[in-house]
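Read-outs: derived from the displayed coordinates by stated rules, not from any lab. As the structure is a computational prediction, the values presented were derived from the model and not from experiment. Cβ: placed from backbone, ideal geometry, glycine included. Neighbour counts: every protein chain shown.
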Amino acid sequence: MAAAKTKKSDSPQCIYVIAGKETSLVNAECDRLLDKLLVPAERTTGLLNVDADRIAAVEVMDELRTLPFLTSRRIVVLRNADKFISANRELLETYFDNPSPTGVLVMTAGSFDSRTRLAKMLPKVGQLISVSQPSAAQLPGRLRQYALEAHAKSLQSQASELLIELVGEELTRLYSEIDKLALFATDRKNITVEDVNSLVGHNRLYNAFDVIDSVIERDTAGAVDQLRRLFSQDRTAQYTFAGALAYHLRRMFTAKVMLQKGRSEGDVGKSLRIWHRADAFFTQLRKVSLVEIGMLIERLARADYEIKTGRATPMTAIEQLIMTMAAA
């Protein structure tokens with residue numbers, strides 16, 4: 001996550017506001033902050049972690065000013081605190097003027113208006129952590145930064161790019177894979193391309209590639225069989241496969257456009273960070289037109305809409321999608 005911090009300090013602050021529109025990224029950043037502020041053994045007595053709608057403002061203040069027991073500080077985390085901040089602005093301004101020396105207030109929110117008095121007071125007593133999804137160009141660097149900060153490991157440049165190719169661009173999932181890779185490379189200070197290939201090489205993106213290959217060959221039975229085997233082996237695949245499929249199709253579309261503009265395959269591969277199975281990727285691309293790729297993306301978007309609106313289960317929608325694609 002690209003977290004732009006308005007104030008940087010290694011020592012704990014009295015107040016943190018973590019703001020961003022992507023709830024999963026905000027929560028992930030909040031969890032990482034808690035890991036820095038409290039060791040697991042201190043959480044039983046030193047942490048109150050609650051949705052802001054489920055607690056009264058006076059209770060929050062009481063918790064913050066309660067002396068910590070068996071810990072150096074008392075942490076109060078208010079998640080989804082947009083309404084809480086708006087409803088208790090004056091009370092919070094008073095607290096910002098004189099925060100508890102032994103309490104730490106952490107609030108997560110969708111936004112934090114810099115024009116308010118509260119926002120202008122925050123840098124004196126705390127820290128704003130603005131969370132947003134990094135751009136495609138920023139993503140490899142952000143992963144290397146995370147590997148260094150979270151695990152004191154160097155993530156090789158090509159390893160970060162390959163990881164994105166295999167997993168997609170969802171930041172929380174990429175962080176999770178880096179956590180696994182750090183354990184995999186416990187005795188080393190760096191995470192290599194070989195590590196990524198060994199641990200993540202059979203990721204769902206490979207399965208998406210193979211399913212699309214069967215679709216292009218109009219092999220309906222083969223595509224459905226691959227999909228069912230994937231779902232039987234990985235119960236979470238029905239919730240994540242559509243994302244991997246969309247990532248692969250979007251990259252195919254972009255590559256096709258670049259090739260039609262006269263770019264070489266080597267140039268396209270470098271630009272789109274296609275490091276692994278590049279020959280197979282371009283072989284697949286030659287078998288399908290730009291219009292056909294666009295139709296596949298459109299059909300996938302419709303299936304994704306049906307899943308998100310509850311009109312179809314993920315497994316049913318994706319299987320029907322694949323059958324329709326292969327038969328078209």
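Some notes on this structure:
- Entries of Lys120/Lys308; Lys36/Lys153; Lys180/Lys256; Lys36/Lys124; Lys21/Lys189 with Cα pairs more than 29 Å apart: Lys120/Lys308; Lys180/Lys256; Lys21/Lys189
- Gain on full extension, evaluated as 0.36 nm per residue between Gln158 and Gln233 minus their Cα-Cα distance, stands at 24.1 nm.
- Contour excess over end-to-end distance, with Cα ends at Ala221 and Glu169 and 0.36 nm allotted per residue: 15.7 nm
- Maximal additional length on extending the Asp97-Asp53 stretch stands at 13.5 nm, based on 0.36 nm per residue less the C-alpha distance.
- For the chain, a Gaussian network of Cα nodes joined below 10 Å ranks Phe69, Phe84, Phe96 by mean-square fluctuation, and the top entry is Phe69.
- Net charge contributed by nearby residues that have their C-beta within less than 15 Å of Ile274 (K/R +1, D/E -1): +2
- Value at 222 nm in deg cm²/dmol, rounded to 500, when DSSP H runs of n ≥ 4 in the chain each add -39,500 (n - 2.57): -18500 deg cm²/dmol
- Given charges at Cβ of Lys, Arg, Asp, Glu: region 204-327 dipole, positive-most of Gly266, Met295, Ala326: Gly266
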